[in-house]
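Asks: Please see the structure below; I have some questions.
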């Protein structure tokens, strides 16, 4: 995590968090009668997962952002939720050393 560059961190935050905020701003204009916004989180936002590096911090940010946007947009009848499907065997997850243990539910 400490080897992350400023540029790499900024890009990860842009893709994982700020894009959701920008999308919500645009959706708010269209959802005059309410609606729902959904982002995806990850187990690494709550627990330390070796090998996930800077993405652990980056994935924690959408969870906090979801709470604050829900508070802001809730009075406008817009629901804001974060989905965390748990560990999944994906190509992206193949770089996580402890993936087999996570898939077993340890």
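The values are calculated or read from the model by the stated rules, or taken from the named source; none is laboratory data. These figures come from a predicted structure and were not determined experimentally. Here the Cβ is made from the backbone with ideal geometry for all residues, glycine too, and neighbour counts use every protein chain on show.
Asks: Based on what the data block shows, is residue 64 under 28 Å from residue 97 (Cα atoms), over 14 Å from the mean Cα position of the chain (by Cα) and loosely packed, with under 13 Cβ neighbours inside 10 Å?
Replies: no
Asks: Which of the residues spanning region 74-106 are more than 18 Å from the chain's Cα centre (by Cα), at pLDDT 95 or above and either surrounded by 14 or more Cβ atoms within 10 Å (Cβ to Cβ) or at positive phi (or both)?
Replies: 77, 78 - these are the residues of region 74-106 that are more than 18 Å from the chain's Cα centre (by Cα), at pLDDT 95 or above and either surrounded by 14 or more Cβ atoms within 10 Å (Cβ to Cβ) or at positive phi (or both).
Asks: To continue, here is another question. Can residue 2 be described as without any contact (Cβ under 8 Å) to a residue 40 or more places away in the chain and under 30 Å from residue 104 (Cα atoms)? Working first, answer last.
Replies: Numbers: without any contact (Cβ under 8 Å) to a residue 40 or more places away in the chain: yes; under 30 Å from residue 104 (Cα atoms): yes.
In short, yes.
Asks: Within region 28-44, can you find the residues that are in a helix (DSSP H, G or I), touching a helix residue (DSSP H, G or I) at 6+ places or on another chain (Cβ under 9 Å) and either farther than 30 Å from residue 102 by Cβ or in contact (Cβ under 8 Å) with a residue 24 or more places away in the chain (or both)?
Replies: Scanning region 28-44 gives 28, 43.
Asks: Here is a list: 17, 80. Which entry is more than 27 Å from residue 100 (Cα to Cα), outside any helix (DSSP H, G or I), in contact with a helix residue (DSSP H, G or I) (Cβ under 6 Å, 6 or more places away or on another chain) and touching a residue at least 12 places away in the same chain (Cβ under 8 Å)?
Replies: Of the residues listed, the single one that is more than 27 Å from residue 100 (Cα to Cα), outside any helix (DSSP H, G or I), in contact with a helix residue (DSSP H, G or I) (Cβ under 6 Å, 6 or more places away or on another chain) and touching a residue at least 12 places away in the same chain (Cβ under 8 Å) is 80.
Asks: Sticking with this one: For residue 47, all conditions in the list (1) exposed (fewer than 11 other Cβ atoms within 10 Å of the Cβ); (2) farther than 28 Å from residue 100 by Cα hold save one; what is the number of the exception?
Replies: (2)
Asks: Turning to a different aspect of this structure: Determine if region 51-61 includes at least one residue that is free of Cβ contacts under 8 Å to residues at least 12 places away in the same chain, in a loop (DSSP other than H, G, I, E, B) and surrounded by fewer than 16 Cβ atoms within 10 Å (Cβ to Cβ).
Replies: So far as region 51-61 goes, no, none of its residues is free of Cβ contacts under 8 Å to residues at least 12 places away in the same chain, in a loop (DSSP other than H, G, I, E, B) and surrounded by fewer than 16 Cβ atoms within 10 Å (Cβ to Cβ).
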